[in-house]
1. Amide H neighbours of M209 under 5 Å, at least 5 residues apart or on other chains, H built in the peptide plane: list them.
2. Could you go through segment 197-211 in sequence order and give the Karplus-derived ³J(HN,Hα) for each residue, using 6.51 cos²θ - 1.76 cosθ + 1.60 with θ = phi - 60°, rounded to whole Hz, and x for Gly and Pro?
3. Based on alpha-carbon positions alone, could you give the equivalent ellipsoid semi-axes of segment 231-312 from the gyration tensor, as √(5λ), descending, whole Å?
4. What list of whole percents do you get for P(r) of segment 51-131, with Cα-Cα distances grouped in 10 Å bins up to the one holding the largest distance?
5. Work out the P(r) tail for segment 127-240: percent of alpha carbon pairs separated by more than 17 Å, whole number.
6. Contact order normalised by length for segment 1-99, with contacts defined as Cα pairs under 8 Å and 6 or more residues apart; what percent is it?
7. Any idea of L334's accessible area? Nearest 10 Å², probe 1.4 Å.
8. Taking Cα pairs under 8 Å and at least six residues apart, what relative contact order does segment 45-122 come out at, in percent?
Amino acid sequence: MNILAIESSCDETAVAIVRDGREVLCDCIASQVALHREYGGVVPEIASRKHIEAIYGLADQALEQTGLQRSDIDAVAVTYAPGLIGAVLVGVNFAKAAALALGKPLIPVHHIRGHIAANYIAYPELQPPFLCLVVSGGHTMIVHVKDYTEMEILGGTLDDAAGESFDKVGRVLGMPYPGGAALDKLSQQGDETKYDLPRSKPGENPYNMSFSGLKTAALNLIHHAEQVGEQLDIPSLCASFSAAVSDTLTPRVERAIRETGCKKVAVAGGVAANSRIRRDILAAAEKLGATVYLPPLSLCGDNAAMIGAQAYYEYLAGNTAGMELNAYATKSILGEKI
Ligand code: KG4
Ligand code: ZN
């Protein structure tokens, strides 16, 4: 089954064609990151306009690259939530028009389910059940993927997402948006023990976590240094910050492995590219005899291939939509019927 998949929830316009959920025939992306960089973050209105400009050409490019005809497409999938509402709407409307014109089913896909499904592409042998640490720009949670479309959220952030806090600290340090990758790179040359930053303490739900205290602590440290004219060791601050984020995430993943008895752990989302988090999750899983699934960096960030992968399983579960499909800025990953 060839699925034409569309992703436009943030600042990447993406179109992919994925066969049977696992085989990526093409994965086309038009990134707007450079454009938003000048504003220090995504400007929603600009994002929507750029999606409109890019999406038609990308869909043509996808067909051209694969040599497929329009008639070879069996279904159209799209990220319908969550994301910047204007941006998601562009993809949803394009997908609706395409499904209508082709006379093929329309499959709505939750963006975070897509991030999780990036692992199906990277690891053809991976099947649920497994645990997934989702760490993206806007979401941080530990999910028990019981089946392809059946999930349980064990816990997540109560405030900022991990990616958001990386980006905020990166911005204050003068790094180009989004700061996560640059901060990670600089941290390689730093001493992570140099700055003492807080780790989120377990609360009532031991899987829940918080990043706003850590973010504020880092920002206070930077502002204080500026005020008193102290020269900060930036690589070490980056390393200390990355360590604090990972020390918040990793013990919760360990707990999930122990408590659920599930010996497979996947990581998903843009922050899954972080070298410190990758290293720590690998070490934790090894200690507990669990297998780790870490998608390649190209599949960690937003792309449409992951949407096409999840769409196949949504289709098999009967989760298709009609022309009434709407876009949503927020929506739970727990598949309520659309
Ligand atoms: O999943 P994603 O592409 O977008 C959302 O769906 O939110 O994630 C983007 C996030 C940004 O916050 C970016 O700074 C972060 O992923 N990121 C990283 C790294 N690479 C990307 N954060 C930490 N270390 C990295 N190496
Ligand atoms: Zn994403």
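1. Those lying under 5 Å, H to H, from M209 are G156, T157, L158.
2. Coupling constants for segment 197-211: 10, x, 9, 5, 7, x, x, 4, 8, x, 8, 6, 8, 9, 10 Hz.
3. Values for segment 231-312, descending: 24, 20, 9 Å.
4. Going out from 0 Å in 10 Å bins, segment 51-131 shows 16, 40, 36, 9 percent.
5. Roughly 61 percent, once rounded to a whole number.
6. Result for segment 1-99 is 37 percent.
7. Its heavy atoms expose roughly 80 Å² to the probe.
8. Relative contact order comes out at 33 percent.
The values are calculated or read from the model by the stated rules, or taken from the named source; none is laboratory data. Bear in mind that the values here come from a model prediction, so they are computed numbers and not experimental data. FYI the Cβ positions are ideal-geometry reconstructions off the backbone, even for glycines, and counts take in every protein chain you see. Side chains are part of the model used for accessible areas, which takes the heavy atoms of the whole protein and leaves out ligands, DNA and RNA. Shrake-Rupley method; radii C 1.70, N 1.55, O 1.52, S 1.80 Å.
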